[in-house]
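The values are calculated or read from the model by the stated rules, or taken from the named source; none is laboratory data. Keep in mind that this is a model prediction, so the values were computed, not measured. We place every Cβ from the backbone using ideal geometry, glycine too, and count neighbours over all the protein chains shown. What goes into the accessible areas is simple: the full protein's heavy atoms, side chains included, and nothing from ligands, DNA or RNA. Shrake-Rupley method; radii C 1.70, N 1.55, O 1.52, S 1.80 Å.
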Amino acid sequence: MQESSGVPDVFDPRIYAAGIPHDRFRALRDRAPVSWQEEPEILGWPAGPGFWAVTRHADVVRVLKDSGTYSSALGATQIRDPDPVDLPFIRRMMLNQDPPVHGRLRRLVSRAFTPARIERFAATARERARKLLAEAVAAAAGGEVDLVRTVTDDYALLNLTDLLGVPADDRGLLHAWTERVIAYQDPDEPPVLDGDGRPVNPRSPAMLAEMFAYAQELAVYKRAHPADDVMTSLATSELADAELEMFFFLLTVAGNDTVRAAAPGGILALAEHPSEQRRLWRGDVSMATAVDELLRVHPPVLSFRRTATQDTHLAGRKIPAGGKVVVFHASANHDERVFPAPHRLDLGRTPNPHVSFGDGPHVCLGAHFARLQLRVFYEETRAACGGLALVGPPRRLVSNFVNGIKSLPVRPLEPSVPPS
């Protein structure tokens, strides 16, 4: 609890190492749906001015849809304020822009994410999932296996390299760059310190220089050797060099970590709800509705930040111009006002207006690709074994941004033995 106000703290990244703090979010939704959160120094990162936490579904959707009042560009989209000198650089990324600038870039890049191109990756993704799962089941040999280490990390990353057109031998680079950006709050990923011993923002120009140089080299290669991949489309489009670099960064991080977080999170939810796992294994529910329900209960992204462009009111609270407004997807997805029995996994749930991919102008550009990968992954998991039983607690990412799982020990069941 925050001592000064008695309001549950949902800022501290360490809270999320134990899972989504549903009790805290429930208290906020009921008593303080827009609450002031302090932003103390934690894990070596400096204190901030504080922010407004938005926890009800209706208010989260309102903020995400109203880019005129709640800007992505003024202070970018992370809770912690960027260094003012870095802000112009950070605003080159589509994620940190507002309409109409945002719309121009989104239209350009969406041309690369054609349904036909994405569907062509389905066969490759299916074969990859089948191979990784077969190897994991064999390695378990009736015992346990870490599904993250053996399957889901490689599945997400190799699918991304295929879509982008990055050589498979370079996947280690993409993994390292993603870890640096996503896991910066986690003690297992110590921050890079500057000369004064202060942590360096992983989204700063200095920290992204290596990735951007690689993106330019790859673009040059794709112009000379075009292929049916996203980087060829981007390299031969009207994007400026700086815009191409930022898109490579966005696609590398978001494109990898969405599935990387969601796939083991979905398996964890199934293992914790064996009756629903049995329904899925028997084919009693649609895989499409199952994918969305698993995304609802385990959203890949926990929160996103906006900045108020003017004095406004939200859920009865006055938000001053310049105030930080942070929407919590994980809370909105469990709002009792929208989802009956929100903590019950129901793979047949419909309608299911979860906000795991956001809403409004910034709704996830790669949502179709992510759903495709997850559908293929769950189908191949169902074909590979009789189910998955949890044999130990998962290790979760220390982060108030990404709902990541670092390890998931499971026991594959024999095909003839359904989940108990």
> Taking the condition among the basic types (Lys, Arg), assigned to a helix (DSSP H, G or I), open to solvent by 70 Å² or more (accessible area, probe 1.4 Å) and in contact (Cβ under 8 Å) with a residue 40 or more places away in the chain, does ARG106 pass?
Replying inline: no
> Which one of the conditions (1) in contact with a strand residue (DSSP E or B) (Cβ under 9 Å, 6 or more places away or on another chain); (2) open to solvent by 10 Å² or more (accessible area, probe 1.4 Å); (3) modelled with pLDDT under 95; (4) not β-branched (Val, Ile, Thr) does PRO419 fail to meet, given that it meets all the rest?
Replying inline: (2)
> Do the conditions hold for VAL63, that is, is it of a type outside the set (Ser, Thr, Tyr), open to solvent by less than 10 Å² (accessible area, probe 1.4 Å), closer than 22 Å to PRO361 by Cα and in contact with a helix residue (DSSP H, G or I) (Cβ under 8 Å, 6 or more places away or on another chain)?
Replying inline: no
> From the set of residues in the range 379-397 that are in a strand (DSSP E or B) and among the basic types (Lys, Arg), which is most open to solvent (accessible area, probe 1.4 Å)?
Replying inline: ARG395
> Of these, PHE304, PHE357, PHE339, which one is crowded, with 17+ Cβ neighbours inside 10 Å and part of a strand (DSSP E or B)?
Replying inline: PHE304
>> Which count do you get for residues in the range 173-206 that are within 16 Å of LEU250 (Cβ to Cβ) and open to solvent by less than 30 Å² (accessible area, probe 1.4 Å)?
In response: 7
> Here is a list of conditions, (1) touching a strand residue (DSSP E or B) at 6+ places or on another chain (Cβ under 8 Å); (2) at pLDDT 85 or above; (3) within 26 Å of VAL85 (Cα to Cα), and ASP188 meets all of them except one; can you say which number that is?
Replying inline: (3)
>> If a residue must be of a type in the set (Ser, Thr, Tyr) and over 24 Å from GLU336 (Cβ atoms), how many such residues does the range 278-305 contain?
In response: 1
>> With in contact (Cβ under 8 Å) with a residue 12 or more places away in the chain, assigned to a loop (DSSP other than H, G, I, E, B), open to solvent by 10 Å² or more (accessible area, probe 1.4 Å) and over 28 Å from ARG14 (Cα atoms) as the only criterion, which of ARG371, ARG349 stands out?
In response: ARG349
> Can you tell me which of ARG92, ARG149, ARG80 is among the charged types (D, E, K, R), modelled with pLDDT of 95 or more and either open to solvent by 70 Å² or more (accessible area, probe 1.4 Å) or not in a helix (DSSP H, G or I) (or both)?
Replying inline: ARG149
>> Between ARG260, ARG279, which is among the basic types (Lys, Arg) and surrounded by 23 or more Cβ atoms within 10 Å (Cβ to Cβ)?
In response: ARG260
> Just one of the numbered conditions (1) small (Gly, Ala, Ser); (2) closer than 24 Å to SER237 by Cα; (3) assigned to a helix (DSSP H, G or I); (4) touching a residue at least 12 places away in the same chain (Cβ under 8 Å) is not true of ALA129; which one?
Replying inline: (2)
> Among the residues of the range 13-35, is any of a type outside the set (A, V, I, L, M) and closer than 24 Å to ASP196 by Cβ?
Replying inline: yes
>> So for the range 328-336 (the condition being assigned to a loop (DSSP other than H, G, I, E, B), open to solvent by 10 Å² or more (accessible area, probe 1.4 Å) and out of contact with any Cys (no Cβ under 7 Å at 6 or more places or on another chain)), does at least one residue qualify?
In response: yes
> Does VAL85 satisfy being of a type in the set (Val, Ile, Thr) and under 30 Å from SER237 (Cβ atoms)?
Replying inline: yes
